[in-house]
Amino acid sequence: GCMINGKLYPFGFIERTEDCYACSCGEDVMKCCSLFHTPVSYDKKKCKVVFNKKRCDYDVVQKNDPSKTCFVYSRV
C-alpha cells in the first residue's frame, strides 16, 4: 500500500484521504490531487478562510460573525 501522512492506504484508487485528496496508489508511484479549491478573490478585510474538513472545501466567512458566509469571486 501507500503511506500518506502516517496512514497506510491500499493499492488502487483512494477516493478520499483524511486530508481531502484523491490518490492513485501503485507499487512504483503515487499520484494525488486535492478535492478542494482555494479561494483567492474575496473581501479580505471583512472575511476569512476556514477549511471545512467534513466537506473537503474552504468556507469563506465574516470575521466578526463566522455564521455568515462571504461571496467568493474566484478560486484556484
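From the residues in region 11-44 that are among the aromatic types (Phe, Trp, Tyr) and surrounded by 14 or more Cβ atoms within 10 Å (Cβ to Cβ), which one is farthest from the chain's Cα centre (by Cα)?
The initial filter retains those residues of region 11-44 that are among the aromatic types (Phe, Trp, Tyr), namely 11, 13, 21, 36, 42.
Of the ones still in play, those that are also surrounded by 14 or more Cβ atoms within 10 Å (Cβ to Cβ) are 21, 36, 42.
Working: 21: 7, 36: 4, 42: 18 Å.
Looking at the filtered set, the residue picked out is 42.
Run residue 75 past the list (1) at pLDDT 95 or above; (2) surrounded by 11 or more Cβ atoms within 10 Å (Cβ to Cβ) and report the number of the one that doesn't hold.
In the conditions (1) at pLDDT 95 or above; (2) surrounded by 11 or more Cβ atoms within 10 Å (Cβ to Cβ), residue 75 misses (1) alone.
Here are some conditions: (1) in contact with a Cys (Cβ under 6 Å, 6 or more places away or on another chain); (2) over 23 Å from residue 69 (Cα atoms). Residue 28 meets all but one. Which one does it not meet?
Checking residue 28 against (1) in contact with a Cys (Cβ under 6 Å, 6 or more places away or on another chain); (2) over 23 Å from residue 69 (Cα atoms), the one that fails is (1).
Can you tell me which residue among 47, 56, 70 is of a type outside the set (Val, Ile, Thr), at positive phi, open to solvent by less than 80 Å² (accessible area, probe 1.4 Å) and not assigned by the TED database to the domain that holds residue 20? Steps first, answer last, please.
On the way: 47 fails: at positive phi; 70 fails: at positive phi.
Sole residue among the options that is of a type outside the set (Val, Ile, Thr), at positive phi, open to solvent by less than 80 Å² (accessible area, probe 1.4 Å) and not assigned by the TED database to the domain that holds residue 20: 56.
Report the residue count in region 1-14 for those that are modelled with pLDDT under 95 and under 29 Å from residue 72 (Cβ atoms). Spell out how you get there, then give the answer.
Pass one, region 1-14, residues modelled with pLDDT under 95: 1-10.
Still in the list and also under 29 Å from residue 72 (Cβ atoms): 4-5.
Total meeting the criteria: 2.
Which numbered condition in (1) open to solvent by 50 Å² or more (accessible area, probe 1.4 Å); (2) over 11 Å from the mean Cα position of the chain (by Cα); (3) among the charged types (D, E, K, R) is the only one that residue 65 fails?
The one condition residue 65 does not meet is (1).
The values are calculated or read from the model by the stated rules, or taken from the named source; none is laboratory data. Remember, it's a predicted structure, so these values are computed and weren't measured experimentally. Positions of Cβ are generated from backbone atoms using ideal geometry, with glycine treated the same way; all protein chains shown enter the neighbour counts. Remember, those area values only see protein heavy atoms, side chains included, never the ligands or the DNA or RNA. Shrake-Rupley method; radii C 1.70, N 1.55, O 1.52, S 1.80 Å.
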